[in-house]
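Please treat every number below as a calculation from the coordinates, not as lab data. These numbers were taken from a predicted model, which means no experiment stands behind them. Neighbour counts are summed over all protein chains in view; Cβ atoms, including those assigned to glycine, are modelled from backbone coordinates with ideal geometry.
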Amino acid sequence: MAAVQFRISSFLKDLIGRELITDEFVAVFELVKNSFDANAKTVKVIFEHQYDPENAKIIIWDDGYGMNINDLNNKWLFVAHSDKRDGSEGKDYRDKIQHKRIFAGAKGVGRFSCDRLGTYLNLITLKNEPNAKIESLNIDWTSFEQDSNKEFIDIKVAHQTNPSISYENFIHGTILEISGLRDKWDRNRILNLKTSLEKLINPIQENNVDDFSIEIIAPDEILRDQKENEIRKKVNGIIKNVVFESLGLKTTQIKVSIIENGGVIQTTLIDRGVEIYSLKEKNPYNKLFDITILLFVLNRAGKMNFKKIMGVNSVEYGSVFIYKNGFRIYPFGEEGDDTLQIDRRKQQGFYRFLGTRDLIGRIEINGEKSNLKETTSRDGGLIKNESWEQLYNFFYDKALKRLEAYTVGIIKWGDEKFDKETGELIQPELKPEDVKDKIFDIITSLTRAKDVIDISYNSDFLHIYEAKQEKSATQLVKNLTRIAEETNNPTFVQQARAVERQVSQLKQAKEEAERENEVIKKEVAAISNKVKLITSENLFLRSDVTKDVQQLENLQHHITHTSNLISEIALQAIDAIKNNDLDLAIKKIDKLLIKNEEIATLSNFVSKAKFDTKVKKINGDIIAFINEYIVNVYSTINKKPIIEIDDYSKHYTMKFVPLEIIIIIENLLRNSIDAKADKVKITWDIGEHPILIYRDNGNGISDDILKHIFDYRFSTTGGGGLGMCHIKDIVQKMNGKIIVNNKLKKGVEFKISF
């Protein structure tokens with residue numbers, strides 16, 4: 001039988017090059033990974049003459065082990081050959097270095113990334129060995145594209161030994177000079193590359209990547225860099241990824257690792273620096289070995305902190321990245337990527353599940369035993385094999401669902417507050433009572449699993465034991481005892497017994513406290529009834545009826561206005577539900593809750609006054625009172641307008657009625673909203689008396705309307721016409737003045753002296 005053989009067209013270059021590596025950033029990544037696999041300590045990505053299309057170059061220079069002529073012939077020029085795959089590369093150098101690196105790539109086609117970046121390549125290399133010679137290859141990639149009938153092996157590549165080079169301090173390694181660039185590398189493109197390179201290397205560096213650095217050098221951007229204060233806005237410099245370390249103490253995180261050669265899964269849940277629980281269990285995934293998952297929940301404070309650090313919204317940065325042996329796998333984590341189906345799942349249970357907007361994190365795949373392989377297309381993710389299916393299930397069952405069980409079902413984050421000095425949104429520290437409602441249920445559920453080896457949890461949770469946790473606590477004790485007996489762990493046995501004793505003591509103490517509380521409740525009720533009787537008898541008798549009627553009418557206007565808005569929004573929500581627009585319905589319901597908070601706020605002040613608007617004056621700092629009300633009350637439940645307070649350092653102590661001051665501010669802001677204003681600025685002028693200067697950017701006030709804005713029942717919006725009248729009455733009662741300036745280019749200005 002006669003033998004035949006394949007023939008290979010010169011167009012093979014395109015099939016394994018530009019058609020597989022379609023993204024210029026991915027092409028750079030592939031070449032950087034090759035430098036890492038060559039044991040480089042540093043790799044420089046240099047952009048020469050970037051604004052001169054004729055002479056522009058990308059130079060990738062590493063200090064790796066380099067190549068000799070045999071390496072060039074038998075490895076680099078051997079298409080699809082990979083030392084990483086057959087293990088031959090380790091015989092050359094890996095046994096000589098202290099830390100053995102695990103290869104980042106193994107396809108043997110990454111070198112064709114040079115073709116994706118430019119039409120010409122000048123490769124310069126010097127091997128780290130005695131009497132080494134500089135070798136160079138000069139490749140014109142277009143020569144492979146001229147005739148598809150030509151054999152791939154018939155296309156010649158120019159070679160030279162000991163060529164003259166202009167690189168100083170070139171001791172060993174490889175330099176790739178790429179010219180005839182296929183893309184225009186302006187400042188924005190390089191900055192985008194820098195951002196992408198930040199995400200290329202796993203920031204934890206568990207694969208001994210801590211001795212590997214990437215530096216961008218762009219001489220044409222040095223002058224502009226000098227004008228930038230923020231490092232992230234500079235093109236030149238060492239690539240660093242600081243995002244995850246900055247989030248650690250500010251949010252909730254879960255870390256799940258497969259350890260002990262694939263035999264054990266260890267899970268740790270941390271909330272704002274406090275360890276909630278730690279769990280060890282047997283690993284049911286026989287295809288998974290050295291893998292770690294780290295997920296962070298991004299609440300509002302976390303997202304604001306992220307943007308401050310990274311200069312970009314978290315959703316634009318990415319979500320859950322996957323790293324293999326220290327290097328990122330595309331497209332996992334990219335904005336809009338849902339390969340892990342996180343968002344698709346969230347659509348099925350909007351409030352029960354976390355989405356990519358709520359999460360940031362990474363999956364780390366380490367070691368040489370993993371069968372999780374990248375697709376040949378360098379931006380196509382992982383091959384969908386049995387190992388991938390197990391990784392998918394591992395991510396959901398052991399990481400995401402457990403994180404959701406805590407953050408969605410239990411956690412009460414508390415009230416976020418703005419720091420007046422820094423302007424940051426401050427997240428309160430975790431307190432045991434924040435998570436008390438179902439914490440026993442979670443721990444009990446974890447201990448119920450058959451594969452549990454060991455578990456520990458925050459002992460502070462025992463101190464917030466309540467009757468509704470009695471069933472969970474009892475079951476928890478039983479489960480802990482069972483695990484202790486099965487593992488024959490003396491320490492665990494002692495822990496289980498200690499928990500049992502503590503639960504019993506807390507239960508007894510609680511029962512005694514409840515008996516005492518019942519007695520106190522009866523006494524309080526009796527006193528309360530007497531107070532109500534006295535209050536009801538004297539509520540209106542001590543006031544001027546005419547004046548109180550007008551004041552109550554003003555309060556009614558304030559409440560009625562908000563109530564009408566609630567009705568309108570409720571109807572919109574109903575329509576959205578009928579139209580099956582759940583997202584819109586949810587937004588409307590959220591707005592209902594906000595408006596309800598507004599009424600609750602006013603109701604709170606009115607209830608404190610016992611419906612007597614002649615509340616006793618307080619002697620306090622009126623400037624601090626208004627500022628704090630805007631920051632801590634109004635701005636927390638109203639997103640618009642955005643209110644800027646010019647200066648927090650000014651103070652003025654005087655007598656005033658809190659409710660009246662709040663009504664002034666609320667009415668001014670409501671009028672700004674009606675005038676389509678989205679920004680309000682508040683400043684203070686302190687002289688003999690304090691002057692509040694309130695300015696918005698709304699539609700302003702015409703001269704005709706200005707004459708009547710303080711008239712009783714005058715309105716241009718169909719409202720009650722009481723708001724501005726009420727403001728004037730309050731200001732005059734305080735012996736103050738209100739002046740309106742309608743001559744601004746946009747908006748209106750009120751000056752109120754108290």
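Tell me, what HN-Hα J-couplings in whole Hz come from the Karplus equation 6.51 cos²θ - 1.76 cosθ + 1.60 at θ = phi - 60° for each residue of the stretch 214-228, using x for Gly and Pro?
Here the 3J(HN,Hα) series is 10, 10, 9, 10, 9, x, 5, 10, 4, 4, 5, 4, 5, 8, 9 Hz.
Spin-label point model (7 Å from Cα, Cβ direction): what's the K707 to D646 distance in nm?
So the two model labels end up 3.2 nm from each other.
Sort 215-221, 186-192 by packing, meaning the average of other beta carbons within 10 Å per residue, with the highest value first.
Top of the packing list down: 215-221, 186-192.
Given R₀ = 30 Å, FRET efficiency for D343-T142 by Cβ-Cβ distance, to 0.05?
E between D343 and T142, to the nearest 0.05, is 0.10.
Treat the count of other C-beta atoms within 10 Å as a stand-in for reagent exposure and order I69, I291, I270, I276 from fewest to most.
Fewest to most other Cβ atoms nearby, the residues stand as I69, I270, I276, I291.
Compute the projected area of the convex hull of the Cα atoms of the stretch 632-754, averaged over all viewing directions, and report it in nm² to one decimal place.
7.8 nm²
Between N580 and Y392, with labels modelled 7 Å along Cα→Cβ, what's the label distance in nm to one decimal, could you check?
So the two model labels end up 2.6 nm from each other.
Which order, highest average first, do 170-181, 380-391, 314-325 follow once you tally other Cβ atoms within 10 Å for each residue and take the mean per peptide?
Ranking the peptides 170-181, 380-391, 314-325 by packing returns 314-325, 170-181, 380-391.
Hey, got the dipole for the stretch 289-331? About the Cα centre, +1 on K and R Cβ, -1 on D and E Cβ, debye to the nearest 20?
That gives the stretch 289-331 a dipole magnitude of about 200 debye.
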